[in-house]
Amino acid sequence: MTDYEPPKVWTWNTASGGQFANINRPIAGATHDKELPVGKHPFQLYSLGTPNGVKVTILFEELLAAGHADAEYDAWLINIMTGDQFGSGFVDANPNSKIPALVDHSGAAPVRIFESGAILLHLAEKFGAFLPTSGPVRAEALSWLFWQVGSGPFVGGGFGHFYAYAPVKIEYAINRFAMEAKRQLDVLDRRLADNRFLAGDDYTIADMAVWPWYGAIVTNQAYGAAEFLSAHEYTHLRRWTDEIGVRAAVKRGRMVNRRMGDPAEQLWERHDASDFDLKTQDKVEPAA
């Protein structure tokens, strides 16, 4: 513990420290002019293969696998470590400067959609897929979708930050957010004890929203914290994680805009289904 006394008025006069210090600032808006590229497909996605980005690419690949040919998309890489999210074009698409952002060109005029949960809902309703149209099952799916939207920051910006990324280890902060992360894992495990998927018998956008975050934790692909959080205890969550993880569309969606891990599992940009067939050495760095 430290004897830090907050000032009467906070001012931004020092870097925050940690892995993401260079992209954090207390003001919104663009820092430079940079238009977004536009490809040939109806949907233009500007993203990165983080859990929030993976939600959307999984849904696109699931829609295509289900026969919705009009769901073809271009996925452009937004490198948040170099500040792409503060370019003027991206800020126009998402004034919050967070990935992902989607521009839907399928109608009379382009429509921007930002925030991953809103994108999932927009696409599911547009194609009439992966979201029940009425009744208790729809309510259940939407409840779990928005549960993730509200709960995720406690896991990522809370636990993940203080456990894995903060420049100093703060016992109070790690304990506080570890407790909340484990509570959330238990919430999911209890739900999945009696249900194949989060909304019940059917796979929905709720599963696509939750899997990239909590599936990564229990398989030790996020923060290296599976042992620390005793993730082996959540057997129903692990069963669900494994079932979703073997889906071909999920494997493809997880690759898109990915810049970490095994190079064979990275596809920095996706502009055609044939891009998945590229050899690793052919996956060149996107143009700046």
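The values are calculated or read from the model by the stated rules, or taken from the named source; none is laboratory data. All values derive from a computational prediction rather than experimental measurement. Ideal geometry is used to build each Cβ from the backbone, glycine not excepted, and the neighbour counts take in all protein chains shown.
General remarks:
- Entirely in the range 187-288, the helices (runs of 4 or more DSSP H) that have 2 or more residues that are free of Cβ contacts under 8 Å to residues at least 24 places away in the same chain and not aromatic (Phe, Trp, Tyr): 235-245
- Residues of the range 152-186 that are part of a loop (DSSP other than H, G, I, E, B) and either touching a residue at least 12 places away in the same chain (Cβ under 8 Å) or not basic (Lys, Arg) (or both): 166, 167, 168, 170.
- Filter result (among the basic types (Lys, Arg) and more than 20 Å from the chain's Cα centre (by Cα)) within the range 94-129: 126
- Filter result (touching a helix residue (DSSP H, G or I) at 6+ places or on another chain (Cβ under 6 Å) and among the hydrophobic types (A, V, I, L, M, F, W, C)) within the range 130-165: 130, 131, 141, 144, 145, 149, 154, 155, 159, 162
- Selection count where residues are of a type outside the set (D, E, K, R) and under 17 Å from residue 211 (Cβ atoms), scope the range 130-149: 11
- Only residues that are over 14 Å from residue 123 (Cα atoms) and touching a Phe, Trp or Tyr at 6+ places or on another chain (Cβ under 7 Å) were counted in the range 34-75, giving 5.
- Looking only at the range 120-129, and only at residues there that are assigned to a helix (DSSP H, G or I) and either in contact (Cβ under 8 Å) with a residue 60 or more places away in the chain or in contact with a helix residue (DSSP H, G or I) (Cβ under 6 Å, 6 or more places away or on another chain) (or both), the one that is surrounded by the fewest Cβ atoms within 10 Å (Cβ to Cβ): 127
- Matching option when the condition is over 28 Å from residue 234 (Cα atoms), in contact with a Gly (Cβ under 7 Å, 6 or more places away or on another chain) and modelled with pLDDT under 95, among 100, 167: 167
- Looking only at the range 1-33, and only at residues there that are among the β-branched types (Val, Ile, Thr) and assigned to a loop (DSSP other than H, G, I, E, B), the one that is modelled with the lowest pLDDT: 2
- Sole residue being surrounded by fewer than 16 Cβ atoms within 10 Å (Cβ to Cβ), within 22 Å of residue 61 (Cα to Cα) and acidic (Asp, Glu), chosen from 194, 207, 201: 201
- Where strands (runs of 3 or more DSSP E) fall wholly inside the range 34-119, the ranges with 3 or more residues that are at negative phi and surrounded by fewer than 20 Cβ atoms within 10 Å (Cβ to Cβ) are 111-114.
- Hey, residue 259 modelled with pLDDT of 95 or more and either more than 17 Å from the chain's Cα centre (by Cα) or surrounded by 11 or more Cβ atoms within 10 Å (Cβ to Cβ) (or both) or not: no
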